[in-house]
Amino acid sequence: MQTSTESASQNDAPDLSALHVAVIGAGNMGGPVVKTFLRSGVPGEQLRIANSSPESSRRAAEELGATAAESRAEAIEDADVVVLGVKPYQILDLLAEIGGDLREDALIISLAAGITLAQMEEALPEGRAVMRAMPNTPISVGEGAVGLMRGSAVDDDAHVLAHALFATAGVARDITEDQVHAFIGAAGSMPAFVFAIIEAMTDEAVRQGLKRDLATALVQQTVRGGATMLMESGVHPAVAKNGVSSPGGTTVQGLAALEREGVRAGVAAAMAAAHDASRAMTKN
Ligand SMILES: NC(=O)c1ccc[n+]([C@@H]2O[C@H](COP(=O)([O-])OP(=O)(O)OC[C@H]3O[C@@H](n4cnc5c(N)ncnc54)[C@H](OP(=O)(O)O)[C@@H]3O)[C@@H](O)[C@H]2O)c1
């Protein structure tokens, strides 16, 4: 039996080709989740999207390669898995609306920050399987991170199914609800921090005379290369950093400037602010 912090094994991944999935709210985050599920093997004709209007559902379905539902009720009909991609303040009302019409054995996966498993379980008929998934947007290119939280009625098969759906997200790990706040700082909100840093580095390269397309290519490739090098070698970042710091050379001068300008403290402050905001959003 798996504990809540162990990852499900890839070996017992179920076949997703017969699965019916409903995604209610395929927006900035629900959209990348749709892409991930399709990549993981859910057929587009069996993945139904319901947005705030049929036109919006059709637009999203066409763009993502899934199927539009005419209504939320149509989307969830016979669905094995129902993803809730609406805003946090809408989640409990939505569950009150659709709870009675969900299949008894459906797995419900909420993407919402701040709404707990207990709150959702209470809004549903007893014994419903509810999970939370906290993804980040790079899952849309298979290079993201997802934290999965398991509700009290989720059996091992449903837990393995959730991992199979997110198997092509990048990294998918079980976390506790208490860890989700740190997860948001380290992954959920992190793409925006990385984008801001990439923008700053690119702008400075342009200021120093490189053409923007060259600056963009150099910075993005170097950020990707740095992360890939660490992931593939397992080397600690401090060791890798020391490895490129010759005495009195260009890199140590740059690193010293980074420390003087408080970049390390700024990054930590950004992550702490995201963590704190997430904790404040969670009512209980
Ligand atoms: N953005 C992130 O990086 C991120 C990361 C982790 C978790 N999340 C979570 O993801 C959830 C969605 O956030 P988001 O940034 O993706 O918001 P978003 O882009 O505004 O998407 C919300 C989606 O919900 C749909 N919607 C609104 N009311 C609806 C209704 N009554 N019935 C069906 N669909 C409805 C919207 O449809 P229309 O397009 O037709 O308006 C839209 O597709 C939130 O709970 C958030 O906490 C977001």
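The values are calculated or read from the model by the stated rules, or taken from the named source; none is laboratory data. Quick caveat: nothing in here was measured; it's all calculated off a predicted structure. Here the Cβ is made from the backbone with ideal geometry for all residues, glycine too, and neighbour counts use every protein chain on show. Protein only, heavy atoms only, side chains kept; ligands, DNA and RNA dropped before computing areas. Shrake-Rupley method; radii C 1.70, N 1.55, O 1.52, S 1.80 Å.
I'd like to know if region 105-113 contains one or more residues that are modelled with pLDDT of 95 or more and touching a Gly at 6+ places or on another chain (Cβ under 7 Å). There is at least one residue in region 105-113 that is modelled with pLDDT of 95 or more and touching a Gly at 6+ places or on another chain (Cβ under 7 Å).
Being crowded, with 16+ Cβ neighbours inside 10 Å, more than 13 Å from the ligand (Cβ to nearest atom) and not acidic (Asp, Glu) is a property that Arg207 lacks. Taking region 37-53 as the range and being closer than 17 Å to Val86 by Cβ, open to solvent by 40 Å² or more (accessible area, probe 1.4 Å) and not small (Gly, Ala, Ser) as the test, only Arg48 passes. Is one or more of the residues making up region 234-242 in contact with a Phe, Trp or Tyr (Cβ under 9 Å, 6 or more places away or on another chain) and assigned to a helix (DSSP H, G or I)? Taking every residue of region 234-242 in turn, none turns out to be in contact with a Phe, Trp or Tyr (Cβ under 9 Å, 6 or more places away or on another chain) and assigned to a helix (DSSP H, G or I). Scanning region 113-130 for residues that are surrounded by fewer than 24 Cβ atoms within 10 Å (Cβ to Cβ) and either among the hydrophobic types (A, V, I, L, M, F, W, C) or within 11 Å of the ligand (Cβ to nearest atom) (or both) returns Ala113, Gly114, Ile115, Leu117, Ala118, Met120, Ala123, Leu124. The set of residues in region 54-68 that are part of a loop (DSSP other than H, G, I, E, B) and either surrounded by 20 or more Cβ atoms within 10 Å (Cβ to Cβ) or at pLDDT below 95 (or both) contains only Ala66. Among the residues of region 216-229, is there at least one that is modelled with pLDDT of 95 or more and not in a helix (DSSP H, G or I)? Checked against the condition, which is being modelled with pLDDT of 95 or more and not in a helix (DSSP H, G or I), region 216-229 yields no hits at all. Pairs are defined by a Cβ separation below 9 Å, a sequence spacing of at least 6 or placement on different chains, a first member in region 241-256 that is in the same structural domain as Ala227 (by TED's automatic domain parsing) and within 16 Å of Thr222 (Cα to Cα), and a second member that is of a type in the set (A, V, I, L, M) and not in a loop (DSSP other than H, G, I, E, B); the pairs so defined are Lys241/Leu255. In this structure, is Ala153 open to solvent by 10 Å² or more (accessible area, probe 1.4 Å), away from the ligand (no atom under 15 Å from the Cβ) and either aliphatic (A, V, I, L, M) or in contact with a Pro (Cβ under 8 Å, 6 or more places away or on another chain) (or both)? Judged against the criteria, Ala153 is a match.
Would you mind stating whether Ile108 is crowded, with 21+ Cβ neighbours inside 10 Å and within 30 Å of Ala280 (Cβ to Cβ)? Criteria met by Ile108. State whether one or more residues within region 176-198 are open to solvent by less than 60 Å² (accessible area, probe 1.4 Å), touching a strand residue (DSSP E or B) at 6+ places or on another chain (Cβ under 8 Å) and over 19 Å from Met271 (Cβ atoms). No, region 176-198 has no match at all. Residue pairs whose Cβ atoms lie under 8 Å apart, separated by 6 or more positions or on different chains, with the first residue in region 77-100 and on the phi > 0 side of the Ramachandran plot and the second within 12 Å of the ligand (Cβ to nearest atom) and among the small types (Gly, Ala, Ser), do not occur. Assigned to a helix (DSSP H, G or I), surrounded by 15 or more Cβ atoms within 10 Å (Cβ to Cβ) and not basic (Lys, Arg), is that true of Val34? For Val34, the condition - assigned to a helix (DSSP H, G or I), surrounded by 15 or more Cβ atoms within 10 Å (Cβ to Cβ) and not basic (Lys, Arg) - is met.
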